[in-house]
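To start, the structure itself, in structure tokens.
The values are calculated or read from the model by the stated rules, or taken from the named source; none is laboratory data. Predicted, not measured: the structure shown is a model, and the values here were computed from it. Using ideal geometry, Cβ is built from the backbone for each residue, glycine included, and neighbour counts are taken over all protein chains shown. Remember, those area values only see protein heavy atoms, side chains included, never the ligands or the DNA or RNA. Shrake-Rupley method; radii C 1.70, N 1.55, O 1.52, S 1.80 Å.
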Amino acid sequence: MIRLLIADDESLLRTAFRMIFDTEPDLEVAGEAGDGEQAARLARALRPDVVLMDVRMPGLDGIEATRRIVRDSPRSRVLILTTFDLDEYAFAGLKAGAAGFLPKNTRPEELLSAIRSVAAGQAVLSPRVTRRVLERFAPQMAPGPAERDERLAQLTAREHEVLAQVARGLSNAEVASALHLAEATVKTHLSRVLVKLGLRDRAQVVVFAYESGLVRPADL
């Protein structure tokens, strides 16, 4: 059973989401929040598997609430939903530690699939959207502190290559084609990168690669 927390300041939308989820045998709505403060508080108390997070809410917004949930409730994964500008909020969500980003007009079946993917430990951000985000915002991301370089030293040469390709927004199939590898081999290398770097998903891999200086805007 996947336990959900719905965070949105519009009660009608929360009700609509609940109606969709109540028809799914593997989903359970553990709670609802009308603002970011309540969302962060309920995430600590309820320990949901997935938090559906609106961006613009009164008081604490969804991006800061995501940051707090990732920090204080690391087992809960955040899927951001918004009607606003895709690139701006996708970038902010990635930086805050969200595992995915979807527009609110996403079809129900796509939303359900995204929830299940996030609950399974995957990131929900298409390679196309990832590249758009990076092309616009990567110049703002400066290399991180020295300890990040030390973590990069743990990777093999092939893992470095896979990390760099993923950070450029390539799918596993595209990475496999670029590096002349089987797609299953790419998945194995990416899994090892996650473990060695202490990252949770593909979204965090992208942010890490840019903040560490492994990939720069000129490489796009």
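Among the residues of the range 91-117, just one is under 20 Å from Glu10 (Cα atoms), open to solvent by 30 Å² or more (accessible area, probe 1.4 Å) and under 14 Å from the mean Cα position of the chain (by Cα), namely Pro103. Among the residues of the range 2-16, just one is open to solvent by less than 20 Å² (accessible area, probe 1.4 Å) and outside any strand (DSSP E or B), namely Asp8. When the residues of the range 156-175 are filtered to those that are aliphatic (A, V, I, L, M) and surrounded by fewer than 20 Cβ atoms within 10 Å (Cβ to Cβ), the one that is farthest from Arg202 (Cα to Cα) is Ala157. How many of the residues in the range 70-90 are part of a helix (DSSP H, G or I), open to solvent by 30 Å² or more (accessible area, probe 1.4 Å) and modelled with pLDDT under 85? Selection size over the range 70-90: 2. What about Leu102, is it under 15 Å from Arg200 (Cβ atoms) and either among the hydrophobic types (A, V, I, L, M, F, W, C) or part of a helix (DSSP H, G or I) (or both)? So Leu102 fails the test. Of all the residues in the range 196-205, those that are assigned to a helix (DSSP H, G or I) and closer than 21 Å to Val50 by Cα number 4. Against the test of being in a loop (DSSP other than H, G, I, E, B), over 23 Å from Ala203 (Cβ atoms) and in contact (Cβ under 8 Å) with a residue 12 or more places away in the chain, the options Pro48, Pro25, Pro58 yield a single qualifying residue, Pro58. Asp49 falls short on exactly one of the conditions (1) open to solvent by 30 Å² or more (accessible area, probe 1.4 Å); (2) over 14 Å from Ile2 (Cβ atoms); (3) charged (D, E, K, R), and that condition is (2). Any residue in the range 98-112 that's within 17 Å of Phe21 (Cα to Cα) and touching a residue at least 60 places away in the same chain (Cβ under 8 Å): show its pairings with residues that are part of a loop (DSSP other than H, G, I, E, B) and open to solvent by less than 80 Å² (accessible area, probe 1.4 Å) at Cβ separation under 8 Å, as long as the two are six or more apart or on different chains. Taking only residues 6 or more apart or on different chains, the pairs are Leu112/Glu24.
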